[in-house]
Amino acid sequence: MFEFLRQPGFFGTHATMGADLSQLMATLFTGLFIIGWLQAKQHRGHHHHWLMLGGMVTMVGFFTAYYLFRQLGVLAFEGKEGFGGSQALYDYVFIPVLTIHIILVIIGLVMAVYMIVLGFRSQQFLSGARVLSVARLQTSWKKVSLIFAALLAVVMLLFGARVMSAGFSMRKLEVYIGFLTLVAIVFAVEMGIQRIWPDGGQRHRALGRFTMIVYCILFLTGTFTYAMLYILYPGKIG
Ligand code: HEM
């Protein structure tokens, strides 16, 4: 499988099969989410719900599996040797765009999960139609702490099971602590956000638009990186 991903890609550029597959999937998912956005604007709640839910779950699954397989690799594969342009272009254009892209990937992954949960929490059914509710949707610190404590217990159990079967490693501990920290940050940010948009439906619309803008910039920065690496300035690898 690893060998397959390193073969020349199908777009006829200098890219590998893996990079072309990733670019193709990014294009498909971005197109799908824009359709989902239009469905929401046209108040087609059911269609929007199924498309966003199915699309986000498939996208997170695909990219998580793909990047884990490539050992979290844009930089691992296509580091400086992969880039054939000048040092200045690399330092002042390529790396800043790639850094923005990676930060947005993390925000995009968090928003995918967050928006799905918010979708379920803020929807209601009126005469069979799926619409956003106009009621206050607020969580207390007590409830958030309880959810976090339950998650902590599950993660500790999982970590314990992993240590028993495969042994302890500092790297593993960091990954688990990193995940819990991220969840804690999201919960804390949500407590602030729910003051700004107390109404669940309003919050879903505002953060949904934000998420869609993040996905569009993600697509643009990803395509830019692809074009620089495999079309404009191909390096030794590719
Ligand atoms: C996962 C990513 C999601 C994103 C990015 C997203 C984004 C949006 C946006 C931007 C709107 C407002 C459209 C506009 O007026 O401009 C909206 C409306 C809506 N969303 Fe989502 N959404 C997501 C998932 C979901 C899910 C999972 C559900 C249901 C469980 C859902 C239910 C709804 C409903 C019912 C509306 C109102 C449609 C109407 O105006 O009648 N959404 N969403």
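The values are calculated or read from the model by the stated rules, or taken from the named source; none is laboratory data. Everything numeric here is computed off the predicted structure, so don't read it as measured data. With ideal geometry, Cβ positions are generated from the backbone for all residues, glycine too; neighbour counts draw on all protein chains shown.
Annotation note: Cβ proximity below 8 Å between a residue of segment 151-164 that is touching a residue at least 24 places away in the same chain (Cβ under 8 Å) and a residue that is of a type outside the set (Gly, Ala, Ser) (sequence gap 6+ or interchain) occurs for Leu151/Leu180; Leu151/Val183; Leu152/Leu180; Val155/Tyr176; Val155/Phe179; Val155/Leu180. Every condition in (1) at pLDDT 95 or above; (2) under 18 Å from Phe224 (Cα atoms); (3) not in a helix (DSSP H, G or I) holds for His43 except the one numbered (2). Screening Leu68 with (1) surrounded by fewer than 12 Cβ atoms within 10 Å (Cβ to Cβ); (2) at pLDDT 95 or above; (3) over 18 Å from Thr225 (Cβ atoms) gives one miss only, at (2). In segment 190-238, of all residues being within 16 Å of the ligand (Cβ to nearest atom) and among the β-branched types (Val, Ile, Thr), the one that is farthest from Gln124 (Cα to Cα) corresponds to Ile217. Within segment 194-238, the set of residues being among the β-branched types (Val, Ile, Thr), more than 30 Å from Tyr114 (Cα to Cα) and surrounded by 15 or more Cβ atoms within 10 Å (Cβ to Cβ) comprises just one member, Ile237. Scanning segment 94-138 for residues that are under 17 Å from Ala206 (Cβ atoms), among the β-branched types (Val, Ile, Thr) and either part of a loop (DSSP other than H, G, I, E, B) or more than 16 Å from the ligand (Cβ to nearest atom) (or both) yields one hit, Val134. Filtering segment 12-64 to residues that are among the small types (Gly, Ala, Ser), farther than 27 Å from Gly128 by Cα and either surrounded by fewer than 20 Cβ atoms within 10 Å (Cβ to Cβ) or within 14 Å of the ligand (Cβ to nearest atom) (or both) leaves Gly12, Ala26, Gly31, Gly61.
Within segment 91-144, if we keep just the residues that are in contact with a Phe, Trp or Tyr (Cβ under 7 Å, 6 or more places away or on another chain) and crowded, with 17+ Cβ neighbours inside 10 Å, the residue that is nearest to His48 (Cα to Cα) turns out to be Gly108.
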